[in-house]
Every structure is written in C-alpha cells, then in structure tokens.
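Report on one structure; see the data block that follows.
The values are calculated or read from the model by the stated rules, or taken from the named source; none is laboratory data. Being a predicted model, the structure only gives us computed values, none of them experimental. In this analysis, Cβ positions are derived from the backbone assuming ideal geometry, glycine residues included, and neighbour counts consider all displayed protein chains.
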Amino acid sequence: MKAFWLAVATLVVAGCSDSTGPVGDELDLNVRKWERRGPSAYSFDYQAICYCIDSVVRPVTISVSDEEIVQVVFRDTQQMVAVEAHAGYPTVEDLFQVIRDAIARDAHSIEVRYDPLFGYPTEASIDYQENIADEEFGFRASDLTAIE
C-alpha cells in the first residue's frame, strides 16, 4: 500500500469480499460500476480531509493511466508535484481501498458519496473510533475526466 495511506490513515488492506452491510453493498455496487464504466486513463481533483500537515491536505489534480499515477499538480499554483512524491496520492482504486479498510476495521462511522455515472467515491468521511479526537479521515474527489 502506498506510504500516504499507511502514514495518514494507517490502513490495513482488506479484500472485496469483506464488504458487508449497507456501506459495503453500496461500495460493491459502485466498484462494479467503476470497473464497467471507468476510463483506464483519467484525471481528477482530490483533497484529503484530516488533521494533517498542509502539504497533505492541499488540493491537487491527479492524472492516472492504467492504475499508475503519471502526474500530480497543485491546483492553486499549477506547480507539478515531484515524481518521488506521487506515492503519497491516490488513484480511484486506492479510494475504494480506503473505504474497504474502514469497513474491515469496523469504523465507528463511514459516510460515502459516489459519482452516479462512473461510481467513483466523490466524498468520504470516516471516524474510526467514536471517543478519539482528530483521528478522522476523509477526502473529496471530483471532476473526473477521461484522458485520451
């Protein structure tokens, strides 16, 4: 798993078959939609939502080809992120994995919205433990566009 997810969200990889309940059913439905309709090359706007350092929550546009990040650009300055830092950013598949992980870890609260056309997660809010402050994690993903 990418360093970002390990450091920020302390994720544990879980398989698709672990999806249970309404959140898991909705996840499975949208993963299938993404597999049918999602482009193999795409760009999308992304922002992590957490109590993290500024560089982690800074909005970016991520470009992906065949599940590999090929470019990351800071949206405020249009400055390219160094290739060495690409591992700190997610693909759509990684966003699905964040949700799978939250289900597998029996997070206290999981709220997810999905794009109606492609099925990718557009917004997620995860509270892993009810009585612990500042361990929540979320993200926003939008404006997914196929790259020719």
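Just a few scattered comments:
- Taken over the range 103-114, the criterion of being within 26 Å of Thr61 (Cα to Cα) and without any contact (Cβ under 8 Å) to a residue 60 or more places away in the chain is satisfied by Glu111, Arg113.
- Checking Glu26 against (1) within 15 Å of the chain's Cα centre (by Cα); (2) farther than 21 Å from Glu148 by Cα; (3) at pLDDT 95 or above, the condition it does not meet: (1)
Rundown of residues vs (1) closer than 16 Å to Cys50 by Cβ; (2) in a strand (DSSP E or B); (3) not basic (Lys, Arg), yes/no style:
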| position | (1), (2), (3) |
| --- | --- |
| Asp106 | no, no, yes |
| Glu111 | yes, yes, yes |
| Leu117 | no, no, yes |
| Thr122 | no, yes, yes |
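- Residues that are small (Gly, Ala, Ser) and either more than 14 Å from Gly38 (Cβ to Cβ) or not in a strand (DSSP E or B) (or both), drawn from the range 124-148: Ala124, Ser125, Ala133, Gly138, Ser142
- Selection from the range 112-144 of residues that are over 12 Å from the mean Cα position of the chain (by Cα), modelled with pLDDT of 95 or more and farther than 20 Å from Glu67 by Cα: Pro116
Yes/no matrix, rows are residues, columns are (1) over 17 Å from Ile147 (Cβ atoms); (2) among the aliphatic types (A, V, I, L, M); (3) modelled with pLDDT of 85 or more:
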| residue | (1), (2), (3) |
| --- | --- |
| Leu6 | yes, yes, no |
| Asp18 | yes, no, no |
| Arg36 | yes, no, yes |
| Phe44 | no, no, yes |
| Gly88 | yes, no, yes |
| Asp94 | yes, no, yes |
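- Among residues of the range 73-100 that are part of a helix (DSSP H, G or I), those with a Cβ under 6 angstrom from a residue that is of a type in the set (Val, Ile, Thr) and surrounded by 19 or more Cβ atoms within 10 Å (Cβ to Cβ), sequence gap 6+ or separate chain, pair up as His86/Ile69; His86/Val72; Phe96/Val31; Ile99/Val112.
- Some residue of the range 71-86 being loosely packed, with under 14 Cβ neighbours inside 10 Å, under 15 Å from Leu144 (Cα atoms) and out of contact with any His (no Cβ under 9 Å at 6 or more places or on another chain): yes
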